[in-house]
Amino acid sequence: MFVWFLDFLISPFNQDFLAPYLLSSIDRGAGMIRMLNETPIDYVTWGNHEADLSHSDVMCRVDEYKGVTWLQQIGSAPVFS
């Protein structure tokens, strides 16, 4: 989904991208962050499956992300184990 606003393009990415997918059970979402850093994604939103990873793993992925920002989805905040 792309959103045109005035003279620039905003490209958001939906939730549940760090987990669950097969590689995330091995690399804890690092591969997805590498992919996001190579694509024109400006905003990502938290999903409930980001809580499938440990809090420290998620914080490492946040530090690795070079996009604009992380947004909270409407609803409750994820609870990390």
Exercise. If you take just the helices (runs of 4 or more DSSP H) that sit entirely in the range 11-76, which of them hold at least 2 residues that are of a type in the set (V, I, T)?
Worked result: 55-64
Exercise. Is it true that some residue in the range 2-12 is at pLDDT below 80 and under 11 Å from the mean Cα position of the chain (by Cα)?
Worked result: yes
Exercise. Would you call P78 at pLDDT below 85 and closer than 21 Å to S11 by Cα?
Worked result: no
Seminar exercise, completed: Residues of the range 61-70 being loosely packed, with under 13 Cβ neighbours inside 10 Å and in contact with a helix residue (DSSP H, G or I) (Cβ under 6 Å, 6 or more places away or on another chain), in sequence order, are K66
For this session: Search the range 24-60 for residues being modelled with pLDDT under 85 and over 18 Å from L71 (Cα atoms), and hand back the single one that is least open to solvent (accessible area, probe 1.4 Å).
Result: S24
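The values are calculated or read from the model by the stated rules, or taken from the named source; none is laboratory data. In this text, all values refer to a predicted model and were calculated from it rather than measured experimentally. Note that we place each Cβ from the backbone using ideal geometry, even for glycine, and neighbour counts take in every protein chain shown. Please note that ligands, DNA and RNA were not included when accessible areas were found on the heavy atoms of the full protein model with its side chains. Shrake-Rupley method; radii C 1.70, N 1.55, O 1.52, S 1.80 Å.
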